[in-house]
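Following: one structure in structure tokens, then a few remarks.
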Amino acid sequence: MARETPTGETRDPPSYVRTPVAGFLASLPVDRALARHDLAGSIVHAEMLGRTGILTPAEVTTLVGGLRAIGREIAGGSFPWRPELEDVHTNLESRLTEMVGPVGGKLHTARSRNDQVALDERLYLRAAIAEVASLLIRLERVLIERAAAEAATPMPGYTHLQRAQVVTLGHYLLAHFWRFDRDIDRLLATAERASVSPLGAGALAGSTLPIDPLYVATRLGFARPFENSLDAVSDRDPLAEVLFDLALALVHASGLGEEIVLFASKEFAFVRRTAALGSGSSLMPQKRNPDAAELVRAKCGRAIGDLVALATVLKGVPLSYDRDLQEDKPPLFDSVATAKEVVGALIALVGSLEFDRERLRAAAEDPEMLATDLVEHLVGRGVPFREAHEAVGAIARRAAGPIAEAELRSALPAAGPDLAKILDPGAAADRRATPGGPSAKALAAQLALARARCEHRTESLSSLARSVERVEELVNEERK
Ligand code: ARG
């Protein structure tokens, strides 16, 4: 257990982590990912201890210098991680004392690992949200670009996976855009609500020393410090929220994945089976599978599992910090990594889809999908909707194939002279000129809205990204 320091002394782990169950308690393999956030929090904590007169300026300089040296060791891969020290927090603090001597033992003044880990997680969350949101914005741009190019490509719109009414591929792709846009909105709102610094809550009840949580919060780029110390060390709401946000984003990704799988099947053949979709079969030489879309569809299960795992951990935990809360990190890290992978894959996948416009157009010409158009034509000529629905329904049920115009006219005496226009499937999407509909004009308006929204998201993200940069600015030499 003991180990040699560079100066030759050996150090035992501090007594608070010495226990026969140390291996079971250890979280280092997981929480190492928080190292840089932990350093930034410690640097600001040390500064605060100096400003409040708890430490001398010279002590602060030594501590901050040591913490930055540790930052360089971690970045260079030479940091001597010690699994017997339980977690990232004790590893960094022990290393600091090895490097700077007994003054290192002053860093943890008026702080507990309870408020420390809660702070680290908030810093991590902010960065993770910024990363996922920026990938989602890239996906939005791809969807917008592809939708603009397919604004005039008719395709069948489906309900119950049955051909329903004609839309355009551009309209269809933008439907996916709006889903992901709400995901970005949720993530950014979660980041805003999570912008609370827990440092200064101590183990659970603050401190007898004159600490300054507001300084810490401001310096780390948070909106404010906590209101209640018990709540601060135990609040994992932002983690649960982000797991929901990510799970729902991956539900949306999964739906899109499923459609790519369907559309690439020979039954639909709306999407060409190119190598960009995935690999082939080791046995069947003709195969080209939509593997990537299938994995996009499947990985959502992990995210939903992570959300349920965390909610189950949190359920029934009494105030304030309980060791159960350590189990919050595996699901969080897993979902963030999964979301980044899935959205990254979708950016490439959607960007490379080869649509078979002829197949789409041919499918859109299915006369069945003009039934509603006929009903609405009759409604326009004064026939009550329900009556028109019955009349057209009766024809549709009888017809085995396309119906000649003359036959339609005799079955629907109220039809107007412009009936032929209604029977032109090429015009069906364009006739749906209501706001948010697939007509060329409505789609142009929708595209403009989507582009503006994407710009707005980009701006919101850039202010979040600036606060994320605080961590590296603090850990690397401060730019004054
Ligand atoms: N590894 C712990 C966690 O992630 C850090 C806090 C430990 N606090 C304690 N009182 N044992 O939650």
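The values are calculated or read from the model by the stated rules, or taken from the named source; none is laboratory data. These numbers come from a predicted model, not from an experiment. Virtual Cβ from ideal backbone geometry, glycine too; neighbours counted across all protein chains shown.
Quick look at the values:
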read-out: Filter result for ARG82 (away from the ligand (no atom under 16 Å from the Cβ), farther than 21 Å from LEU209 by Cα and surrounded by 14 or more Cβ atoms within 10 Å (Cβ to Cβ)); value: no
read-out: Helices (runs of 4 or more DSSP H) wholly inside the range 1-112 that include at least 3 residues being in contact with a helix residue (DSSP H, G or I) (Cβ under 6 Å, 6 or more places away or on another chain); value: 28-31, 35-51, 57-76, 88-100
read-out: Some residue of the range 441-458 being touching a Ser or Thr at 6+ places or on another chain (Cβ under 6 Å) and at pLDDT 95 or above; value: no
read-out: Number of positions in the range 106-161 that are more than 19 Å from the chain's Cα centre (by Cα) and more than 16 Å from the ligand (Cβ to nearest atom); value: 19
read-out: Given (1) part of a helix (DSSP H, G or I); (2) free of Cβ contacts under 8 Å to residues at least 60 places away in the same chain; (3) not aromatic (Phe, Trp, Tyr), number of the condition LEU443 does not satisfy; value: (2)
read-out: Every residue from the range 96-107 that is buried (at least 18 other Cβ atoms within 10 Å of the Cβ) and over 14 Å from VAL60 (Cβ atoms); value: THR97, GLU98, MET99
read-out: Some residue of the range 130-147 being at positive phi and either among the charged types (D, E, K, R) or not in a helix (DSSP H, G or I) (or both); value: no
read-out: Qualifying position, being loosely packed, with under 14 Cβ neighbours inside 10 Å, over 17 Å from ARG470 (Cβ atoms), of a type in the set (S, T, N, Q) and more than 16 Å from the ligand (Cβ to nearest atom), among THR56, THR62; value: THR56
read-out: Only one of ARG146, ARG219, ARG186 that is basic (Lys, Arg) and in contact with a Leu (Cβ under 6 Å, 6 or more places away or on another chain); value: ARG146
read-out: Subset of the range 317-338 (residues that are near the ligand (Cβ under 9 Å from one of its atoms), in a loop (DSSP other than H, G, I, E, B) and in contact with an Asp or Glu (Cβ under 8 Å, 6 or more places away or on another chain)); value: none
read-out: Exclusive hit being at pLDDT below 95 and either over 30 Å from GLN162 (Cβ atoms) or more than 16 Å from the ligand (Cβ to nearest atom) (or both), set ILE395, ILE304, ILE347; value: ILE395
read-out: The range 118-142, residues that are farther than 30 Å from GLY170 by Cα and of a type in the set (Lys, Arg); value: ARG122, ARG126
read-out: Complete set of residues in the range 319-358 that are among the small types (Gly, Ala, Ser) and either touching a residue at least 60 places away in the same chain (Cβ under 8 Å) or more than 19 Å from TYR124 (Cα to Cα) (or both); value: SER320, SER335, ALA339, GLY344, ALA345, ALA348, GLY351, SER352
read-out: Residues of the range 222-246 classified as touching a residue at least 60 places away in the same chain (Cβ under 8 Å), over 18 Å from LEU310 (Cα atoms) and in contact with a strand residue (DSSP E or B) (Cβ under 9 Å, 6 or more places away or on another chain), total; value: 1
read-out: Cross-chain or 6+ apart pairs with Cβ under 9 Å, the range 90-116 first and β-branched (Val, Ile, Thr), then in a helix (DSSP H, G or I) and within 12 Å of the ligand (Cβ to nearest atom); value: THR90/TYR16; THR90/VAL17; THR90/LEU28; THR90/ARG113
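Listed here are the residues, each with its yes/no results for (1) over 38 Å from the mean Cα position of the chain (by Cα); (2) farther than 30 Å from HIS176 by Cβ.
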{"residue": "ILE347", "(1), (2)": "no, no"}
{"residue": "VAL375", "(1), (2)": "yes, no"}
{"residue": "GLY380", "(1), (2)": "yes, yes"}
{"residue": "ILE395", "(1), (2)": "yes, yes"}
{"residue": "ASP424", "(1), (2)": "yes, no"}
